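Visitor: I'd like to ask you about the structure that follows.
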Amino acid sequence: MGPIFALACKDLRLLVRDKVGFFFVFGFPLLFGLFFGVIFKGAGSSQGAITILVVDDDQSEASKALIGKLTSAAEVKPIVATYDAAVDQVRKGERVAYVRIPKGYGESARRPFWGTPPAFELGVDPARKAEAGMIQGVITQYAVRDVMKVFSDPDALRKQTATAIEEVSKAEDLTPVQKGIMTAFFGALDSFMSLTLTPGVAATDGGAASDGNKEGAEAGASIGIGGWEPVRITVNDVRADRRLSSKPNNPMDITFPQCLVWGLMGCSAAFGISLVVERTRGTLIRLRLAPIARWHILAGKAAACFLMLLAVSGVMLVFAMVAFGVRPENYGMLAVAILCSAICFVGIMMLLSVCGKTENSAGGIGWSVLLMMAMIGGGMMPLFFMPKWMQSVASISPIKWTVLSLEGAVFRGYTVTDMALPCGVLLGIGVVGFAVGARLFTWQEGSS
Amino acid sequence: MPPVLTVSGLIKSYDGVRRAVDGVTFDVKVREIFGLLGPNGAGKSTTIHVVVGLLVPDGGEVRIGAPGGSSGPPTDPAVRSRVGVAPQALAIYEELTGEENVRFFAQLQGLRGSELRNRTAAALQFVELHDRRRDLARTYSGGMKRRLNLAAAIVHDPQFLFLDEPTVGVDPQSRNAIFENILALRERGLTVMYTTHYMEEAQRLCDRVAIMDQGRILALDTVDGLVRAHGGKSVVVAALDGREARIESDDPISELVRLKQSGPLRDFRLEQPNLERVFLNLTGRQLRD
Ligand SMILES: Nc1ncnc2c1ncn2[C@@H]1O[C@H](COP(=O)(O)OP(=O)(O)OP(=O)(O)O)[C@@H](O)[C@H]1O
Ligand SMILES: [Mg+2]
């Protein structure tokens, strides 16, 4: 282990001191990320709204008005859909949530103080807690705002109160005690409003003041007074199966794996070239003269390259998380994907090291090969932008599998079985690449 | 004294046609400074590379042993740690400091802890680079790099040192220091094999010298032995009236006396036979064309 450690330390030190190599390992991928990050950030404001599906079972004026209000809301972007379609899309992970406006919503909106209001149904993936809470808040706010309108219209309210008293007396599902309390309450409310909310008083208040009243009423309502529940929302857990179709949570979810791939490519190129440099600068002679086995030399190079690949991955991950709010869905899977990718790129490094006899030819050939792989493998442009035939050609590129495994962990919600294919391919490339590269690596100067 | 290195019938060709080393046989004794003297392309470096196991010979055998111990091929790890090599082509990392270079090569030799520190410092002191040890090798002059190359060869205290033209580009002062140090190392029991195309170096440093040309060893003996056998006679070069006379003689003094008596002798110079002359006599060419 001693010589491998010494070899690896030496290589890491050399890479850090090699400005060009270091730039391609860290600088370029960061620039790549910043570039796309800024582009996506600019487009981000209009994409801030969560698209939700709205199922209108009520088909009343009130429900249509509610949809209208949701449309003008900044937080959400409603799309009307049928119930089945809505459930399906949420289950596939294509949309975050659906909201079902219940039958009888319009009816209950006109008598907000009494009777159990029919429940909204919010269908959302239990993993999306933050979004669920946000949508619940938005629905409550807009539905209650609708209800509260009655307060800014005293006449309508007084009419409502009268109807309420009448309905209470006729109601069969209320006990006599409840009937008594309710009748007394509505009676008191009626006389209270005849005193304070006379048209004259309301008129002097003016528009702005009545607006202020409205806000106050809303605040109270949303807290909920004494179990009074103007809007009921039942949450339906629709577990999204992301494999069916999975969307990134954040535009940078797509860019992060791509940046990382550039870092990995830069790293494997730097170390591949460094093995060529050992030969051209004559230091390979000294390594071969040392009382260590040849595999020690290659293992030292591989270990240094592997560590650097992990370091690059770590730096890129922190960068993506801090600068662009990327939140990988599964950190364990991400660790697996990064490990497998690093092993793959160690193999690629070994292959690159036998690409050329001089530093320049190795660098030139190495980078051309890497760029080709990046181009067809989705390292420059996400694969889904490409024509279908290109997407199938991409399978020959290790870049595709690297990106896929990383995406799997970041937003595709891959399970262990989903991960097996890309990770298996990556490990295979790593092992075969290393074996072939090590086999082709010429130790002697001047072949005989 | 028993030989510590035996080389027999060594053949090496790079292209399969022309032999860079063509049947070389010699041995090196313990605590000897053995010189390989020859012009560019003679096959000195190739010989060294085959001897230390960097190149596989096309024919012949190399065995390196330790005093009192067994012997083995140069690729044997036990042999390797007893051998230090300073290749002709500099083998150092330009982007590491002198100290980092030496320490790294010492680590590869298995040195640890305080031994690693002490040996690294000693090797740098040996080549007089201690003051510059914290500077990147890239910033060294050509001669300093050559000295660093030497430090990396001796850091693990080898028993057998192979130096392939260790003084190319080194100024006379540092060169003298290197010579003194090599002689000091020999006093400590080291055996040295040394290649050069400077006959003065071979003459001053080496106990025995092999004269090499076109892949073959033409002669091998002590410097005196070579001069006696192949150097020819001393030459008296005399400036007489209007002409220069070159007279070979076994007795140059009486020859001068004779010239003085026969006419005006304006100037004279005595050319003693040396390795240069040995080479000229052996090959018909100057050592440096
Ligand atoms: N790597 C190589 N590939 C092909 N031919 C080589 C190689 N190295 C040396 N040769 C050839 O082998 C012959 C011997 O070269 P070598 O380097 O051993 O000579 P040398 O005595 O060390 O010369 P110098 O004093 O210039 O160092 C030369 O003809 C040279 O052209
Ligand atoms: Mg040479």
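Visitor: Quick one: B:Leu36 ticks every box in (1) away from ligand 1 (no atom under 12 Å from the Cβ); (2) surrounded by 23 or more Cβ atoms within 10 Å (Cβ to Cβ); (3) part of a strand (DSSP E or B) bar one, so which box is it?
Guide: Tallying (1) away from ligand 1 (no atom under 12 Å from the Cβ); (2) surrounded by 23 or more Cβ atoms within 10 Å (Cβ to Cβ); (3) part of a strand (DSSP E or B), B:Leu36 fails exactly one: (1).
Visitor: Only one residue in A:Gly93, A:Gly21, A:Gly37, A:Gly33 is surrounded by 19 or more Cβ atoms within 10 Å (Cβ to Cβ) and assigned to a loop (DSSP other than H, G, I, E, B), so which one is that?
Guide: Details: A:Gly21 fails: assigned to a loop (DSSP other than H, G, I, E, B); A:Gly37 fails: assigned to a loop (DSSP other than H, G, I, E, B); A:Gly33 fails: assigned to a loop (DSSP other than H, G, I, E, B).
Just one listed residue meets the conditions, A:Gly93.
Visitor: Right, next: Just to verify a result, which residue in segment B:81-110, among those that are assigned to a loop (DSSP other than H, G, I, E, B) and polar (S, T, N, Q), is farthest from the other protein chains (Cβ to nearest Cβ)?
Guide: From segment B:81-110, those assigned to a loop (DSSP other than H, G, I, E, B) are B:81-82, B:87-96, B:109-110; that's our starting set.
Pick out the ones that are also polar (S, T, N, Q) and you get B:81, B:88, B:109.
On the way: B:Ser81: 4, B:Gln88: 9, B:Gln109: 6 Å.
Looking at the filtered set, the residue picked out is B:Gln88.
Visitor: Sticking with this one: Go through (1) at pLDDT 85 or above; (2) not aliphatic (A, V, I, L, M); (3) not in a helix (DSSP H, G or I) one by one and return the number of the condition A:Phe345 breaks.
Guide: All conditions pass for A:Phe345, except number (3).
Visitor: Then there is this: Residue under question is B:Ala123, and the condition is that it be touching a strand residue (DSSP E or B) at 6+ places or on another chain (Cβ under 7 Å) and either farther than 24 Å from A:Leu275 by Cβ or more than 9 Å from chain A (Cβ to nearest Cβ) (or both); does it hold? Outline the logic, then answer.
Guide: Values: touching a strand residue (DSSP E or B) at 6+ places or on another chain (Cβ under 7 Å): no; either farther than 24 Å from A:Leu275 by Cβ or more than 9 Å from chain A (Cβ to nearest Cβ) (or both): yes.
So B:Ala123 does not fit the description; no.
Residues are listed down the side, and each one gets a yes or a no for (1) within 11 Å of chain A (Cβ to nearest Cβ); (2) in contact with a Pro (Cβ under 8 Å, 6 or more places away or on another chain); (3) closer than 17 Å to B:Ile211 by Cβ; (4) of a type in the set (S, T, N, Q):
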site	(1), (2), (3), (4)
B:Lys12	yes, yes, no, no
B:Gly16	yes, no, no, no
B:Gly23	no, no, yes, no
B:Val28	no, yes, yes, no
B:Leu36	no, no, yes, no
B:Pro39	no, no, yes, no
B:Leu54	yes, no, no, no
B:Gly59	no, no, no, no
B:Arg63	no, yes, no, no
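Visitor: Being of a type in the set (Val, Ile, Thr) and surrounded by fewer than 18 Cβ atoms within 10 Å (Cβ to Cβ) narrows it down to one of B:Val237, B:Val223, B:Val209, so name that one. Show your work before the answer.
Guide: Numbers: B:Val223 fails: surrounded by fewer than 18 Cβ atoms within 10 Å (Cβ to Cβ); B:Val209 fails: surrounded by fewer than 18 Cβ atoms within 10 Å (Cβ to Cβ).
None of the others qualify; the one that does is B:Val237.
Visitor: Could you say which residue among B:Thr139, B:Thr120, B:Thr97 is surrounded by 23 or more Cβ atoms within 10 Å (Cβ to Cβ) and among the polar types (S, T, N, Q)? It would help to see each step written out before you state the result.
Guide: Working: B:Thr139 fails: surrounded by 23 or more Cβ atoms within 10 Å (Cβ to Cβ); B:Thr97 fails: surrounded by 23 or more Cβ atoms within 10 Å (Cβ to Cβ).
Answer to the selection: B:Thr120.
Rundown of residues vs (1) in contact with a Ser or Thr (Cβ under 6 Å, 6 or more places away or on another chain); (2) under 15 Å from A:Asp11 (Cβ atoms), yes/no style:
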{"residue": "A:Leu275", "(1), (2)": "yes, yes"}
{"residue": "A:Glu278", "(1), (2)": "no, yes"}
{"residue": "A:Pro291", "(1), (2)": "yes, no"}
{"residue": "A:Ala299", "(1), (2)": "no, yes"}
{"residue": "A:Val326", "(1), (2)": "no, no"}
{"residue": "A:Ala335", "(1), (2)": "no, no"}
{"residue": "A:Val354", "(1), (2)": "no, no"}
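Visitor: Report, by residue number, each residue of segment B:126-147 that is assigned to a helix (DSSP H, G or I), away from chain A (no Cβ under 14 Å) and within 21 Å of B:Val85 (Cα to Cα).
Guide: Taking segment B:126-147 and keeping what is assigned to a helix (DSSP H, G or I), we get B:126, B:130-132, B:137-139, B:142-147.
Of the ones still in play, those that are also away from chain A (no Cβ under 14 Å) are B:126, B:130-132, B:142-144, B:147.
Within segment B:126-147, B:Phe126, B:His130, B:Gly142, B:Gly143, B:Met144, B:Arg147 qualify.
Visitor: A further question follows. Could you check segment B:151-177 and list, in sequence order, the residues that are under 19 Å from B:Gln125 (Cβ atoms), within 16 Å of ligand 1 (Cβ to nearest atom) and either of a type in the set (A, V, I, L, M, F, W, C) or in contact with a Leu (Cβ under 8 Å, 6 or more places away or on another chain) (or both)? So that I can check it myself, show each step before the final result.
Guide: Looking only at segment B:151-177, we keep the residues that are under 19 Å from B:Gln125 (Cβ atoms), and these are B:151-158, B:161, B:163, B:166-167, B:170-171, B:173-177.
Now restrict to residues that are within 16 Å of ligand 1 (Cβ to nearest atom): B:163, B:166-167, B:170.
Scanning segment B:151-177 gives B:Leu163, B:Pro166, B:Val170.
Visitor: Can I ask one more? Would you be able to say whether some residue in segment B:15-31 is within 13 Å of ligand 1 (Cβ to nearest atom), closer than 25 Å to B:Gly189 by Cα and not hydrophobic (A, V, I, L, M, F, W, C)? Explain how you work it out, then say what you get.
Guide: Within segment B:15-31, the first condition is being within 13 Å of ligand 1 (Cβ to nearest atom), and the residues that meet it are B:15-22, B:24.
Of the ones still in play, those that are also closer than 25 Å to B:Gly189 by Cα are none.
For segment B:15-31, residues within 13 Å of ligand 1 (Cβ to nearest atom), closer than 25 Å to B:Gly189 by Cα and not hydrophobic (A, V, I, L, M, F, W, C): absent.
Visitor: Let me ask something else about it. Quick check: anything in segment B:47-63 within 13 Å of the chain's Cα centre (by Cα) and either polar (S, T, N, Q) or not in a loop (DSSP other than H, G, I, E, B) (or both)?
Guide: Our first condition is that a residue be within 13 Å of the chain's Cα centre (by Cα); within segment B:47-63, this holds for B:47-48.
If we keep only those that are either polar (S, T, N, Q) or not in a loop (DSSP other than H, G, I, E, B) (or both) as well, we get B:47-48.
Taking every residue of segment B:47-63 in turn, at least one turns out to be within 13 Å of the chain's Cα centre (by Cα) and either polar (S, T, N, Q) or not in a loop (DSSP other than H, G, I, E, B) (or both).
The values are calculated or read from the model by the stated rules, or taken from the named source; none is laboratory data. Given the structure is predicted, the values throughout are model-derived calculations rather than measurements. Virtual Cβ from ideal backbone geometry, glycine too; neighbours counted across all protein chains shown.
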